[in-house]
Amino acid sequence: MIVAKFGGSSLSDSEQFLKVREILRSDPARRYVIPSAPGRRHSADHKITDLLYRCHDLAQAIGSESREAIDHAREYERIFSEIRRRFLDIASALELNVDLEGELDNIERRIPQEPTADYAASRGEYLNGLLLSALMGWAFIDPAHCVWFRDDGTFDSERTQLECAHALLTHEYAVIPGFYGNMPDGTIRTFSRGGSDVTGAIVARAADADLYENWTDVSGFLTADPRIVKNPRRIEQITYRELRELSYMGATVLHEDAIFPVRKAGIPINIRNTNEPEHPGTLILPHAQGEPLAGITGIAGRKGFAIIVIEKAMMNAELGFGRRVLQAVEECGISFEHLPTGIDTMCVVLHKEALDKARERLITRIYELTEPDSIEIHEDMALIATVGRGMVRQRGIASRLFDALSEAHVNVRMIDQGSSELNIIVGVSSQDFDKAVRAIYGTFIDESGGDVH
Ligand code: ADP
Ligand code: ASP
Ligand code: MG
């Protein structure tokens, strides 16, 4: 039995809906389907979820008698009618019998009454779920009744597993919208962006599926981001651990938390392309077969980091130095990403956004708690992870990596090799990011790998 999740681009208009119907009909083992909200139809288009977030923001800004409030109200109406049009177009092209106008009127009225953005954001998946359920003639299961969060906003996996498994039992075929669930007080809550992947994994576990298919707009997990490297090679098989490293570090094709529910149950994930359904895509498994030749499975990275370099002579001999640095970070409510250390230096790598919110306080507290010789901050850093289960058994990988970066004139500011020997992470200046990814790709995966621009 297969659980299939379809991303936004796979359900962006009526033609895409028909491709999805074909895929579902072609194998009766595909019994539970998780839709996202309609995504972009072309590069200049808007994702429905982005429009819904915008509606929430505008609705918050209405409320006063000012001139801007009237403008915001008009803009709210305009954007909501764009959303309305998108859904009505799909329903009429497919001749679906759903009371969409009634649902849309209700949502348009309710968004301004909701204190958080989650209700608004979740409606794209909700409405797409109604449409897909009508198209297939399958039951509609609202995750507001079976996907649960706790009072503190964290996902409640045990309650969800019980209630989802129970809800699925009564339906042989069903549509369950992605991205959202419920709080104990009955309000809607969403996962973070891209979270329909997480719902798909939750449903796969609850259904005890043999396979979790994740249908998107690329034919599998690629060895590098196709927006940076031209035609990157596909990864045929990858382990859960490698995938977690790559998706956490920016390979956005699968949400970084989608691994956990299926890993628990040992269910493989198959990344597939809705626009090329015969293609086998990528299989994500507990243990993959074989190893890539150069030992490297893939490369991923993100911009938006900062590195704080704290220097103090003899810091290594000072008991509790590291703890005091981390105490300052913790007091500022920041969680750090990496912590490379030298004899007299310690670096804290964190998200630039988190640093910007607490910069002065953090630096003051580090000075007070550790009395360093100096503190330096490198802003606008990018981190790049080179990941591979074959790394442990190959010599010279680090030296090849640094040779490639040096030949490309990229200055490496930070190095961190996880103790698992699955991953080497380098920190480079954001402006060198694309160049660095291409240099690493060219060295390990494909010499002809080039620029996309
Ligand atoms: P969906 O809407 O189907 O969930 P996403 O936009 O979330 O799709 O993810 C698919 C996109 O992820 C691709 O179009 C591609 O641009 C991007 N991407 C980034 N890194 C990778 C990678 N390593 N392999 C495949 N796609 C990647
Ligand atoms: N529609 C949501 C988003 O845009 C969730 C998803 O696509 O997975 O983030
Ligand atoms: Mg996605």
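Using a probe of 1.4 angstrom, how much of the accessible area of the chain is carbon and sulfur, in percent? Kindly include the intermediate steps, with their values, before the conclusion.
Working: 9750 of 20760 Å².
Of all accessible area on the chain, carbon and sulfur atoms account for 47 percent.
Overall, the anisotropy analysis places segment 364-453 in the oblate class: the square-rooted eigenvalues a ≥ b ≥ c of its C-alpha gyration tensor yield a/c not less than 1.5, with a/b not exceeding b/c.
For a paramagnetic label modelled on Glu114 (point 7 Å from Cα along Cα→Cβ), amide N atoms under 18 Å away belong, within segment 161-190, to 176-190.
Charged neighbours of Ile271, selected by a Cβ distance under 15 Å, balance to -4 (K, R count +1; D, E count -1). What length, rounded to one decimal in nm, is gained on full extension from Leu285 through to Asp57, with 0.36 nm per residue of separation minus their alpha-carbon distance? Length gained between Leu285 and Asp57: 78.0 nm.
The magnitude of the dipole of segment 40-170, with charges of +1 and -1 set on the Cβ of Lys/Arg and Asp/Glu and taken from the Cα centre, is near 360 debye. Projecting the Cα atoms of Ala73, His145, Pro35 onto the dipole axis of the chain, where Lys and Arg carry +1 and Asp and Glu carry -1 at the beta carbon, places Pro35 farthest toward the positive end. Put a plus charge on the Cβ of each Lys and Arg, a minus charge on the Cβ of each Asp and Glu, and nothing anywhere else: the dipole of segment 115-240 about its Cα centre is then about 540 debye.
Simple spin-label estimate for Ala294 and Glu15 gives 3.7 nm between the two label positions (7 Å along the Cα-to-Cβ direction from each Cα). Helix 433-444 versus the longest principal axis of the chain: what is the Cα-based angle in degrees, 0 to 90, to the nearest 10? It works out to around 80 degrees. In whole angstrom, how far apart do the alpha carbon centroids of segment 372-399 and segment 92-135 sit? Cα centroid to Cα centroid, the span is 45 Å.
Taken along the Cα-to-beta-carbon direction at a fixed 7 Å, the label points for His171 and Ala73 span 3.9 nm. How much net charge surrounds Ile415 when only other residues with a Cβ under 15 Å from its Cβ are counted (Lys, Arg +1; Asp, Glu -1)? With Lys, Arg at +1 and Asp, Glu at -1, the net is -3. Could you calculate the FRET efficiency of Asp99 with Arg40 from 1/(1 + (r/R0)^6), where r is the beta carbon distance between them and R0 is 35 Å, rounded to 0.05? Plugging the Cβ-Cβ distance into 1/(1 + (r/R0)^6) gives 0.85. Can you give the angle from 0 to 90° between the axis of helix 196-206 and the longest principal axis of the chain, with both taken from C-alpha atoms, to the nearest 10? So the helix axis and the longest Cα principal axis differ by about 80 degrees.
Across segment 274-334, Cα-Cα pairs farther apart than 15 Å form 76% of the total.
Rolling a 1.4 Å probe over the protein heavy atoms gives segment 19-58 an accessible area of 46 Å² per residue. With the simple spin-label model, which puts each label point 7 Å out from Cα in the Cβ direction, the Met1 to Leu162 separation comes to 2.0 nm.
With a cut-off of 18 Å on the backbone N, the residues of segment 336-352 near the modelled label site 7 Å out from Glu379 along Cα-Cβ are 348-352. From largest to smallest, the equivalent ellipsoid semi-axes obtained for segment 307-403 from the alpha-carbon gyration tensor read 28, 17, 12 Å. Relative to the longest principal axis of the Cα atoms of the chain, helix 352-370 runs at roughly 40 degrees. Stokes-Einstein, applied to the Kirkwood radius of segment 261-309 over Cα pairs at a viscosity of 1.306 mPa s and 10 °C, places its translational diffusion at 110 µm² s⁻¹. Taking 20 °C and 1.002 mPa s as conditions, the chain diffuses translationally at an estimated 89 µm²/s according to Stokes-Einstein applied to its Kirkwood radius (Cα pairs). Dimensions of segment 75-221 along the principal axes, based on C-alpha atoms and rounded to the nearest Å, stand at 42, 36, 34, largest first.
Simple point charges give the picture: +1 on the Cβ of Lys and Arg, -1 on the Cβ of Asp and Glu, and for the chain a dipole about the Cα centre of about 760 debye. Spatially, segment 21-48 and segment 184-229 are offset by 12 Å when compared through their Cα centroids. In the chain, taking the dipole from charged Cβ atoms about the Cα centre, the farthest positive-side position among Gly7, His255, Gly266 is held by Gly266. Normalised per residue, the accessible area of segment 312-453 is 52 Å², obtained with a 1.4 Å probe and no contribution from ligands, DNA or RNA. Using the average count of surrounding beta-carbon atoms within 10 Å as a protection proxy, the listed peptides 258-268, 198-208, 235-245, 77-87 rank, highest first, as 198-208, 235-245, 258-268, 77-87. Taking amide hydrogens as placed 1.01 Å from N in the peptide plane, the amide H of Asn423 sits under 5 Å from those of Gly388, Gly418, each at least 5 positions away in sequence or on another chain. Within the shell of other residues whose beta carbon sits under 15 angstrom from the beta carbon of Met136, the net charge comes to +2, with Lys and Arg scored +1 and Asp and Glu -1. When shorter helices are ignored and each DSSP H run of at least 4 residues is given -39500 (n - 2.57), the per-residue value for the chain at 222 nm works out to -12500 deg cm²/dmol. Between Ala398 and Thr187, the FRET efficiency estimated from the beta carbon spacing at R0 = 41 angstrom works out to 0.25. On full extension, the segment bounded by Arg85 and Asp151 gains 20.2 nm, given 0.36 nm per residue less the C-alpha separation.
Computed over protein heavy atoms with a 1.4 Å probe, the accessible surface of segment 61-199 works out to 47 Å² per residue.
The values are calculated or read from the model by the stated rules, or taken from the named source; none is laboratory data. None of the values given here were measured: they were computed from a predicted structure. Quick reminder, even Gly has a Cβ in these numbers, built from the backbone with ideal geometry, and neighbours come from all protein chains shown. The protein model used for the area step is the full one, side chains on, heavy atoms only, and it has no ligands, DNA or RNA in it. Shrake-Rupley method; radii C 1.70, N 1.55, O 1.52, S 1.80 Å.
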